Each structure stands twice: as structure tokens, then as C-alpha cells.
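Report on one structure; see the data block that follows.
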Amino acid sequence: MHWAFPALRYVPAQPTHRGPPVTDRHSDPADLGTLTWVFGRIGILSFGGPAAQIALMHRALVDERDWLTEDQFLRALSFCMMLPGPEAMQLATYAGWRLRGVPGGLIAGALFVLPGALVIMALALAYAAVGDLPLVQALFLGIKATVVVIVIQALLRLSKKALATTAHWVLAGLAFAALFLFGLPFPLVIALAAAYGAWTADLSKAPPADTPARPETWRTVLIWGALWAAPALVLWALQAEFLLGLAVFFAKLAVVTFGGAYAVLAYMTQAVVTEHGWLSTAQMIDALGLAETTPGPLILVTQFVGHIAGVEQGGIGLGLLAGLVVLWMTFVPCFLWIFAGAPYLEAITTRPRIGAALAAVTAAVVGVILSLSLWFALHVFFGRIDDAPLGLALPVPDLASFDPRAAGLFLLAAALLLWRQWPLLPVLGLMACAGAGLSLL
């Protein structure tokens with residue numbers, strides 16, 4: 001994966017606000033009111049996954065508003081792709097930070113997430129109320145079949161970029177085997193891939209000089225680290241075991257979400273379904289399908305999981321609280337990474353070992369997503385999955401439980417998305433109706 005972009009030109013700091021400079025090339029000054037309007041619109045229209053969201057921001061910030069240069073935008077994107085968490089949301093946060101410091105970053109990042117979070121909350125409550133009805137389950141049959149295609153689509157898109165060398169292909173294969181066959185922990189797989197990439201990095205190009213440390217960096221880390229940990233500490237003091245378990249797990253998940261939401265879904269599903277028993281496998285697949293229909297980052301699926309798990313444990317009130325706890329633990333660290341790391345953007349993005357480590361992680365993520373796509377497909381196409389022999393982790397389907405309706409819906413969704421390349425939202429609506437129609441036959 002290519003991480004290097006031309007050097008980013010910084011200009012002297014302005015005395016009017018804290019944080020990064022506002023460049024003199026802005027034809028449309030980024031006052032907080034205008035910034036709020038622009039990023040609010042981006043948040044509402046941010047359907048279609050990270051590629052569509054990044055293109056939307058590029059048009060708004062580079063082409064229309066002239067707030068960032070092409071070079072600044074690309075380097076910022078490279079930096080955000082190196083971070084755990086949703087790169088599009090972090091790119092929005094960085095852009096807001098660069099334009100108007102911490103207040104701008106807070107506004108931009110929050111507005112990118114909040115519209116989708118509100119929709120997810122409404123969908124989760126509706127799902128908890130009517131999700132078991134036969135008609136609803138028929139609708140979700142079409143959505144589940146489409147989810148399998150969506151994950152395959154993500155796999156194909158990422159593999160074209162990530163598997164540039166033979167070593168990267170080997171890493172992808174080893175990551176797939178580690179997860180699908182042997183059930184190794186996802187964080188361990190990512191750590192080993194990063195270590196291999198850093199160890200084998202090409203150091204022929206001298207790294208740039210270190211950026212001088214800023215005295216406020218540690219203060220930023222301490223403030224945002226404390227904000228991130230605050231809910232867990234309060235829940236620990238209150239001995240709220242269920243909510244504390246959610247907070248700790250999703251805080252850990254936020255640190256290892258390299259490669260996007262698809263990369264951690266298998267790990268999250270294993271923990272949520274098998275280890276904690278918060279949701280069923282079918283509910284997890286439904287959660288991803290609903291998250292695909294909302295604006296904002298796909299990792300909002302974690303909020304849906306929190307809502308449903310809370311409802312299952314103690315009703316709607318606990319469900320609302322659980323979703324908010326998960327939302328906080330998932331997205332607050334994104335502000336931490338940006339506000340603490342953005343001043344060192346150029347030094348970080350041009351380090352050979354860091355670039356090689358992230359390229360290796362991205363290659364491993366291809367194998368992770370392959371394991372996820374097979375896991376989803378087996379649970380959608382077969383009604384029963386048995387335990388694997390010889391202590392292996394791979395799921396073994398009961399062939400007698402094969403569902404030809406799901407397979408047919410999968411083929412239809414694949415034709416629409418992969419062959420005809422229809423937009424996702426119309427396909428999801430059509431497939432939901434097709435699932436309902438098949439149930440009436």
C-alpha cells in the first residue's frame with residue numbers, strides 16, 4: 001500500500017485561536033457557523049461507506065470550499081488510515097482541527113457521527129420491539145444475503161490495494177488461517193503483522209527529522225484519556241457489571257480497529273456472541289445489515305450491539321444507556337488520536353517502519369475480512385452450524401439445513417452490486433422486499 005504523499009506545507013500559527021493554522025488560501029473563511037453547516041451536511045449525507053464519505057468530504061473541503069489543498073487532504077487521509085478507528089470520521093475531525101483548532105475538530109467529528117447515531121438508536125429500539133415477527137425476519141433474510149455480498153465487495157476492493165507483494169499475499173493467507181481455522185485472537189494477529197512489517201521495512205530512505213515535541217501534547221493525552229476512561233470508572237464505582245463489561249470491551253475494540261469495521265466484526269462477533277452471550281449470531285448479522293442503511297461510519301454497528309444487548313439484559317432504559325456507553329467508548333478515542341497526533345502528521349506519515357507496519361496490517365486485514373465473509377455466508381445459508389473437529393475453530397455447516405432461498409437472494413444481490421453496480425441503499429430495500437416476497441410463496 002502506498003502511504004507516501006508530497007510534503008505538507010505548514011504556515012505560521014495565527015494568534016486568533018488555539019491549534020493549527022488557518023491558511024491564507026481560503027476563499028471561504030471557515031468560521032464556526034459555516035464549519036458547522038458544512039460538516040452537518042456531510043454527516044447527514046455520509047451514506048455508502050468510507051470511500052463515498054471521503055469523496056464527499058473531498059468535494060466539500062477541497063473543490064467547493066477551498067479549505068484544504070489536495071496535498072493537505074491526501075496527507076491527512078494517509079495519517080487517518082494509520083490510526084485505529086473509522087478513517088473518514090477521523091479525517092473530518094482533522095479537517096475541523098486544522099481549520100479551527102479543537103472546537104472545529106469537535107464540531108466536525110461529532111457532526112459526522114451524530115446523525116447516524118440517532119438513526120441507529122431508533123432502528124435498534126424498533127428492532128427490539130418487532131424483530132421477532134415473521135414478516136420482519138423475512139425482510140431480514142434479504143438483508144442478510146446482501147450483507148454477505150457487501151463484505152465480499154469490501155474484500156475485493158481492499159485486496160486490490162493491499163496485496164502488492166508476495167509477502168502481503170502470504171500475510172493475508174496466514175491471517176485467514178489464524179482466525180478461521182485456529183481462532184487466534186484478532187489483536188494478536190494484527191500485532192504480529194505490524195511487527196513483521198516494521199522488521200522488514202526498507203530503510204534505504206532516511207527518515208525525516210523528528211518534529212519537536214509540543215508541551216501541550218501530554219496534556220491533550222491526559223485530558224482525552226481521562227474523558228475516555230471516565231464512564232468505565234463511574235460504572236466500576238457503581239458496580240454496574242454489565243455496563244462495565246460493555247465499556248471495557250468496546251474500549252479495547254477501539255484500539256484494534258485497524259482496517260475498518262469489517263476487520264473487527266469477526267472478533268467482535270466472537271466476543272459478543274460466544275464469550276459474553278450479549279447477542280445471538282442472527283442478531284449480529286441483522287445489526288450489520290441495519291448499520292449499512294445509515295449515514296456515518298459503519299463502526300456505529302457497535303452502538304446497535306450495545307442497545308440490543310442492554311434491552312436483552314434489562315429493557316429499553318438499560319438499552320438506551322448501554323448504547324450511549326458503547327458510543328462513547330468507540331468514538332472518544334478518535335478525538336484523542338487526532339488532537340494528540342495531528343501536530344506530528346508529517347513525521348508520522350513519512351516513517352518507513354510505520355508505513356511498512358501499516359501496509360502489513362492492511363494485508364493481514366484482507367485475510368481477516370475473508371474469514372468474516374465465509375463466517376457470514378455459512379450462517380446465512382445454513383440453519384445449523386456444528387462444532388469443528390480436532391479442536392479447530394472453523395464452523396462446520398449441517399448440509400441438511402441449507403436454505404436455498406438465502407442462496408438465491410445472495411445471487412440476486414451479487415448481480416446487482418457486483419455486476420450491475422447499483423447503489424447500496426436501493427439494493428438493500430429491494431432485497432428486503434424480495435425476502436418478504438419469498439416468505440409468501
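The values are calculated or read from the model by the stated rules, or taken from the named source; none is laboratory data. In this text, all values refer to a predicted model and were calculated from it rather than measured experimentally. In this analysis, Cβ positions are derived from the backbone assuming ideal geometry, glycine residues included, and neighbour counts consider all displayed protein chains.
Per the conditions (1) over 20 Å from the mean Cα position of the chain (by Cα); (2) over 30 Å from LEU246 (Cβ atoms), the sole criterion not satisfied by LEU392 is (2).
The single condition among (1) surrounded by fewer than 23 Cβ atoms within 10 Å (Cβ to Cβ); (2) modelled with pLDDT of 90 or more that VAL136 does not meet is (2). Pairs are defined by a Cβ separation below 6 Å, a sequence spacing of at least 6 or placement on different chains, a first member in the range 260-280 that is without any contact (Cβ under 8 Å) to a residue 24 or more places away in the chain, and a second member that is part of a helix (DSSP H, G or I) and not aliphatic (A, V, I, L, M); the pairs so defined are VAL273/THR281. Of the set (1) crowded, with 17+ Cβ neighbours inside 10 Å; (2) modelled with pLDDT of 90 or more, all apply to GLN72 but (2). Given the criteria under 21 Å from LEU298 (Cβ atoms), among the hydrophobic types (A, V, I, L, M, F, W, C) and in the same structural domain as ALA356 (by TED's automatic domain parsing), does VAL151 qualify? Yes, satisfied.
None of ALA230, ALA247, ALA271 is part of a helix (DSSP H, G or I), of a type in the set (Gly, Ala, Ser), at pLDDT 95 or above and surrounded by fewer than 22 Cβ atoms within 10 Å (Cβ to Cβ) except ALA230.
For the range 42-59, indicate whether the set of residues that are over 25 Å from GLN153 (Cβ atoms) and either crowded, with 20+ Cβ neighbours inside 10 Å or more than 20 Å from the chain's Cα centre (by Cα) (or both) is non-empty. It would help to see each step written out before you state the result.
Taking the range 42-59 as the starting set, the residues that turn out to be over 25 Å from GLN153 (Cβ atoms) are none.
No, the range 42-59 contains no residue that is over 25 Å from GLN153 (Cβ atoms) and either crowded, with 20+ Cβ neighbours inside 10 Å or more than 20 Å from the chain's Cα centre (by Cα) (or both).
Taken over the range 156-179, residues that are among the aliphatic types (A, V, I, L, M), surrounded by fewer than 20 Cβ atoms within 10 Å (Cβ to Cβ) and part of a helix (DSSP H, G or I) amount to 5.
Looking at ALA266, is it small (Gly, Ala, Ser) and either more than 15 Å from PRO333 (Cβ to Cβ) or not assigned by TED's automatic domain parsing to the domain that holds PHE176 (or both)? In short, yes.
Can you spot a residue in the range 308-324 that is under 18 Å from the mean Cα position of the chain (by Cα) and either closer than 26 Å to GLY104 by Cβ or without any contact (Cβ under 8 Å) to a residue 60 or more places away in the chain (or both)? Within the range 308-324 (the criterion being under 18 Å from the mean Cα position of the chain (by Cα) and either closer than 26 Å to GLY104 by Cβ or without any contact (Cβ under 8 Å) to a residue 60 or more places away in the chain (or both)), the answer is yes, since at least one residue qualifies.
For THR93, are the conditions met, namely being modelled with pLDDT of 90 or more and either at positive phi or polar (S, T, N, Q) (or both)? Taking the combined requirement at face value, the residue satisfies it. Just one of the numbered conditions (1) crowded, with 22+ Cβ neighbours inside 10 Å; (2) outside any helix (DSSP H, G or I) is not true of LEU279; which one? Only one criterion is unmet by LEU279, namely (1).
Taking the listed residues ILE143, ILE150, the one that is at pLDDT 85 or above, closer than 25 Å to LEU279 by Cα, out of contact with any helix residue (DSSP H, G or I) (no Cβ under 6 Å at 6 or more places or on another chain) and not acidic (Asp, Glu) is ILE150, with no other qualifying.
Residues are listed down the side, and each one gets a yes or a no for (1) closer than 27 Å to GLY323 by Cβ; (2) surrounded by fewer than 22 Cβ atoms within 10 Å (Cβ to Cβ); (3) free of Cβ contacts under 8 Å to residues at least 60 places away in the same chain; (4) not small (Gly, Ala, Ser):
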position	(1), (2), (3), (4)
LEU83	yes, yes, no, yes
PRO86	yes, no, no, yes
LEU91	yes, no, yes, yes
GLY105	yes, no, no, no
MET121	yes, yes, no, yes
ALA124	yes, no, no, no
GLN153	no, yes, no, yes
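Within the range 95-150, the set of residues being closer than 30 Å to CYS80 by Cα and among the hydroxyl-bearing types (Ser, Thr, Tyr) comprises just one member, THR146. Scanning the range 126-149 for residues that are in contact (Cβ under 8 Å) with a residue 60 or more places away in the chain and either part of a loop (DSSP other than H, G, I, E, B) or on the phi > 0 side of the Ramachandran plot (or both) yields a single hit, GLY131.
Restricting ALA254, ALA213, ALA261 to residues that are surrounded by 20 or more Cβ atoms within 10 Å (Cβ to Cβ), in the same structural domain as LEU288 (by TED's automatic domain parsing), under 25 Å from PHE335 (Cα atoms) and modelled with pLDDT under 85 narrows the list to ALA261.
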